[in-house]
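Enquirer: One structure, as structure tokens, below. Some questions next.
The values are calculated or read from the model by the stated rules, or taken from the named source; none is laboratory data. Bear in mind the structure is a predicted one, so any value in this text is a computation, not a measurement. Here the Cβ positions follow ideal geometry from the backbone for every residue, glycine too, while neighbour counts run over all protein chains shown.
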Amino acid sequence: MEKLIIEGGFPLHGEVRISGAKNAALPLMAATLLTSGRHTLRNVPDLRDTRTFVRLLENLGVKSERYDDVLILDSTHLNHTEAPYDLVKTMRASVLVLGPLLARFGKAKVSLPGGCAIGARPINFHIMGLERLGVICNLEGGYVDAHVDGPMQGNVIYFDIPSVTGTENLLMAAVLAEGTTVLKNAAREPEIGNLIDMLNTMGARIDGRDTDNLTVHGVKELNPAECTIIPDRIETGTYLIAIAATGGSGKVTGCNPAHLPALLEKLRCAGLLIDETADSISISWPARLREVPILSSVDIKTMPFPGYPTDLQAQYMALMTLGSDICVITETIFENRFMHVAELQRMGARIRVDGHSAVVSGRGMQGLAGAPVMATDLRASSSLVIAGLAASGRTDISRIYHLERGYENLVEKLSGLGARVWKEQE
């Protein structure tokens, strides 16, 4: 098993290009199950999760071809409707095959999903919504065994709490249902807009893009499509935070600033200069702070889009350990997403967890020291990378397979910004 080594204390400078969004690629890959034919997806990141999802699709009978960032999926000979535990256990997004399999075949058996250890993340919203469409769902032996007698029937579905994967699954289920389905209090994340674009290109009729009220007019059939994956807003935010944490300056390209309104505002409030174009974000320190950067401590509270994203909470916490004062970070999405706190404390961070909030007492821009640490989940891993880049001395990060689930060419991209980072065997 490999570990990541970082020699910290060197400002990051330069330009880094963002890959396609993992959280957009996976539902679009699932959508290819809805109809036979060759589907072409562009800007697909080459990650552990996307490779796992391809294996899951192949297990169902899909043929795949990959050329650079282009993924071709042919679902013509799809012949299985069961997603086994061995393929689903490492990735919660595997549950996204449930909706399209039911829409196309009227039955599906999908193992309850795994993934990062950041809370229960139940699929009750998926099951509730499918039952509103006429699906019979049984939970037995760790599997969701679902079937529907005849076509699904459109209905009104209300989410108590916006659910991203729940919204995506029910969109894919409803496009071939009879009648009209309305999803109320649906999630509005940019990745859902990407999925809606693909489904409409396939012949679906979905209204309300970018709102929390989605109307799906069921159609009889769909066609294969071409679609481009949107840039990864979480990767974008991670590099912006890393540059800020090291006292550097840089430009993130191939991104969409409109997908990160809350983070960009918080970075500005913390004292950074942010310059946006249609597809790039530049970040730097004011001239008076370039020699001795002073980072203002700014509170955040994670919220559904367009609020502050939970997937950038851990990275922001690493940044705030370098702040000049005290800030409060409140997590409202997942109940167990402070697992990185203990590892940051090993590096000198002063953090106190109180229920769903963490109180961070900043130590200034030179306040962290390198140490051996262990990654516990994908975003916690990236927070440790940021802390290691900002810290003095050497940081060894073990269990970096989490990082490989969500960051394409991380070592190469960081090295291109001047970081001293490499991999070694444990």
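Enquirer: Evaluate the following for Gly20: is it modelled with pLDDT of 95 or more, in contact with a Pro (Cβ under 9 Å, 6 or more places away or on another chain) and under 15 Å from Asn409 (Cβ atoms)?
Expert: Here the answer is yes, as Gly20 does meet what is asked.
Enquirer: Just name the residue that is surrounded by the fewest Cβ atoms within 10 Å (Cβ to Cβ) out of those in region 384-425 that are out of contact with any helix residue (DSSP H, G or I) (no Cβ under 9 Å at 6 or more places or on another chain) and among the hydrophobic types (A, V, I, L, M, F, W, C).
Expert: Result: Val411.
Enquirer: Here's a follow-up. Working carefully through the options Leu322, Leu344, find the one that is within 20 Å of Thr238 (Cα to Cα), at pLDDT 95 or above and part of a helix (DSSP H, G or I).
Expert: Leu344
Table: residues versus (1) in the same structural domain as Asn169 (by TED's automatic domain parsing); (2) crowded, with 24+ Cβ neighbours inside 10 Å; (3) closer than 21 Å to Asp197 by Cβ; (4) touching a Leu at 6+ places or on another chain (Cβ under 8 Å).
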| site | (1), (2), (3), (4) |
| --- | --- |
| Leu26 | yes, yes, yes, yes |
| Arg38 | yes, no, yes, yes |
| Asp46 | yes, no, no, no |
| Arg55 | yes, no, no, yes |
| Val70 | yes, no, yes, yes |
| Lys109 | yes, no, no, no |
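Enquirer: Determine which member of the set Ile333, Ile351 is farther than 17 Å from Glu7 by Cβ and part of a strand (DSSP E or B).
Expert: Ile351
Enquirer: Does Phe338 satisfy being surrounded by 15 or more Cβ atoms within 10 Å (Cβ to Cβ), free of Cβ contacts under 8 Å to residues at least 24 places away in the same chain and either among the aromatic types (Phe, Trp, Tyr) or under 24 Å from Arg92 (Cα atoms) (or both)?
Expert: yes
Enquirer: For a quick check of your reading: which helices (runs of 4 or more DSSP H) sit entirely within region 368-426 and have at least 1 residues that are in contact (Cβ under 8 Å) with a residue 40 or more places away in the chain and over 16 Å from the mean Cα position of the chain (by Cα)?
Expert: Once the helices (runs of 4 or more DSSP H) in region 368-426 are filtered for at least 1 residues that are in contact (Cβ under 8 Å) with a residue 40 or more places away in the chain and over 16 Å from the mean Cα position of the chain (by Cα), what remains is 378-390, 410-416.
Enquirer: Suppose we filter Ile192, Ile161 for residues that are at pLDDT below 95 and hydrophobic (A, V, I, L, M, F, W, C); which single one remains? Quick ask: steps written out before the conclusion?
Expert: Details: Ile192 fails: at pLDDT below 95.
Only one candidate passes the filter, namely Ile161.
Enquirer: What do you reckon, is Ala146 farther than 29 Å from Ala278 by Cα, in the same structural domain as Met91 (by TED's automatic domain parsing) and in contact (Cβ under 8 Å) with a residue 40 or more places away in the chain?
Expert: Yes: the conditions hold for Ala146.
Enquirer: Within region 244-278, can you find the residues that are in contact with a strand residue (DSSP E or B) (Cβ under 7 Å, 6 or more places away or on another chain) and either in a loop (DSSP other than H, G, I, E, B) or at pLDDT below 95 (or both)?
Expert: Across region 244-278, the qualifying residues are Gly248, Gly254, Cys255, Asn256, Leu272.
Enquirer: Could you tell me whether Ala93 is part of a helix (DSSP H, G or I), under 22 Å from Gly142 (Cβ atoms) and either outside the structural domain of Thr201 (by TED's automatic domain parsing) or touching a Lys or Arg at 6+ places or on another chain (Cβ under 9 Å) (or both)?
Expert: Taking the combined requirement at face value, the residue satisfies it.
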